[in-house]
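**Student:** One structure coming up, written as structure tokens, with questions to follow.
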Amino acid sequence: MKKVTCTAPVNIAVIKYWGKRDEALILPINSSLSVTLHQDQLKTTTSVAASREFTEDRMWLNGKEDDIRHPRLQSCLREIRRLARKRRGDAGDDGFSRILGYKVHICSVNNFPTAAGLASSAAGYACLVYTLAKLYGVEGELSEIARQGSGSACRSMYGGFVQWVMGEREDGKDSLAQQVEPETHWPELRILILVASAEKKHVGSTAGMQTSVQTSPLLKLRAQSVVPERMAEMIESIRQRDFEAFGQLTMKDSNQFHATCLDTYPPIFYLNHVSQRVISMVHRYNAHYGQTKVAYSFDAGPNAVIFTLEQTVNEFVEVVKRCFPPESNGDPFLKGLPVSPAPLPQKLLSAVECDPCPGGVRYTIVTQPGPGPVPLQDLNLDLLGSDGLPKQSA
Ligand code: 2P0
């Protein structure tokens, strides 16, 4: 039996992907750009084993056996095996070729609750593709395959700041992720995830974007005339570490994405009353300082992702606690990077004054940009036992 274990990160888009031009190959109608989050706080771990003894391909997700026949999973398996055959064609029988004929067992877990509504498909498919590539000894460009698992997964194949170039070809060979800057480029950047609700989202991304493509004129305008310019501006703001430009553009792009959801017919609502309060809190905070010190972004759910700089974290967390007094349910309100108490000047307090909404934010994860997928260092932490079955079940 050959076994490999790797981990992969979550990413948050600051220029959003919403809408496909090809459903089967997962080709987008616009390019997008994201920040890869640090795996110390959020990651997927995947173990893959291949053995002559296995009679079928099998998969376990977060401790429960899942259907391996899922079409997108099958696309990834098929494509990576195809690539392995092609790239290793001339290498002869070096051990990799032999295991290509074996069935695989796949076991994957997230270190964050799926119920938190955080995008798990991006980290999940990135991790699957990266781990399979290591198993079969495939090097080089893999984002094209991760993309076929889930669009946003291609951006989780790199660390730091990553663009997914939409490409032009019909076969998708040029629809790839590229690193814009590595995670070390902007060391002061911090990301706070304000987990707003445990509700399951009403409309999944795949179905939601399909309806948006069919019905929203705003989405068409966005893809054709807004995003191309914004991509260039966003890349420039990152290169310059210009938080004012980066933050403004991040908020505007999140807002436009949610406007296209509202422009979809029937409309899709991902933001809730907590999200709206976060938006208002951020704008009041920035207005008090007369500059963009904090920026929000929302995906297909009500959780807020906050971008800010290290020097602002302590004070802003105090503001969050004022607006959303933590409800003690035994769990800590703050997870991740350390936060220290900070005084809130009276003038600032009045500026951000709001009706407190107790428990509106369940907890906050503090993190920073991080690296792309990596092989697991501590081999004792792998997920499949010597019998090829999960060490732990749900
Ligand atoms: C993004 N989202 O750019 C956008 C912003 C949600 C809002 O990518 O159908 O799970 O698997 O390609 O990647 C969520 O969509 O959709 C997403 P599929 P995916 O991060």
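Each reported figure results from applying straightforward, stated rules to the coordinates on display, with no laboratory input. If you're wondering where the values come from, they're calculated on a predicted model, not measured in any experiment. No Cβ is skipped: glycine too gets one built from the backbone with ideal geometry, and neighbour counts run over all protein chains shown.
**Student:** Against the longest alpha carbon principal axis of the chain, how many degrees, from 0 to 90 and to the nearest 10, is the axis of helix 71-87 turned?
**Tutor:** Helix 71-87 sits at roughly 60 degrees to that axis.
**Student:** Let me ask something additional. Cα-Cα over 19 Å: which of LYS86/LYS173; LYS20/LYS220; LYS16/LYS293; LYS2/LYS64; LYS252/LYS347; LYS3/LYS86?
**Tutor:** On the way: LYS86/LYS173 16 Å; LYS20/LYS220 11 Å; LYS16/LYS293 21 Å; LYS2/LYS64 22 Å; LYS252/LYS347 27 Å; LYS3/LYS86 22 Å.
Exceeds cut-off: LYS16/LYS293; LYS2/LYS64; LYS252/LYS347; LYS3/LYS86.
**Student:** Let me ask something else about it. Two decimals, Cα atoms only, Kirkwood Rh: what is Rg/Rh over the range 259-327?
**Tutor:** Values: Rg = 13.6 Å, Rh = 13.2 Å.
Taking Rg over the Kirkwood Rh, I get 1.03.
**Student:** Amide H to amide H, which residues 5 or more places from TRP60 or on other chains are under 5 Å from it, using H placed in the peptide plane?
**Tutor:** Distant-sequence amide H within range of TRP60: ASP66, ILE106, CYS107, SER108.
**Student:** Over the range 1-142, what per residue volume does the convex hull of the Cα atoms give, in whole Å³?
**Tutor:** Spread over its residues, the Cα hull of the range 1-142 gives 127 Å³ apiece.
**Student:** Moving on. Looking at the range 27-83, I'd like the Rg to Rh ratio, where Rg is from alpha-carbon atoms and Rh is Kirkwood's inverse mean 1/r. Don't skip to the end; give the middle numbers.
**Tutor:** Details: Rg = 15.4 Å, Rh = 14.7 Å.
Looking at the range 27-83, the ratio lands at 1.04.
**Student:** Moving on to the next point. Normalising by the residue count of the range 190-340, find the relative contact order in percent from Cα pairs under 8 Å and 6+ residues apart.
**Tutor:** 32
**Student:** Shifting gears a bit: Give me the dipole magnitude in Debye, nearest 20, for the chain about the Cα centre, with unit charges on the beta carbon: positive for Lys and Arg, negative for Asp and Glu.
**Tutor:** 520
**Student:** Along the charge dipole of the chain, Cβ charges K/R +1 and D/E -1, which of SER47, TYR158, ALA223 sits furthest on the positive end?
**Tutor:** My answer, from the dipole projection, is SER47.
**Student:** Quick one: of the DSSP bridges fully inside the chain, what percent are antiparallel, nearest 5?
**Tutor:** Here the share of antiparallel DSSP bridges comes out near 90 percent.
**Student:** Additional query: Are there chymotrypsin sites (Phe, Trp or Tyr not before Pro) in the range 236-275 that DSSP puts in a loop and that have at most 14 other Cβ atoms within 10 Å, and which ones?
**Tutor:** PHE269
**Student:** Based only on Cα atoms, what Rg/Rh ratio does the chain have, Rh being taken as Kirkwood's radius?
**Tutor:** Numbers: Rg = 21.5 Å, Rh = 21.8 Å.
With Rh from the inverse mean 1/r over Cα pairs, Rg/Rh is 0.98.
**Student:** For the ranges 322-332, 130-140, 283-293, what's the packing order if you count other beta-carbon atoms within 10 Å of each residue, average per peptide, and put the highest first?
**Tutor:** Top of the packing list down: 130-140, 283-293, 322-332.
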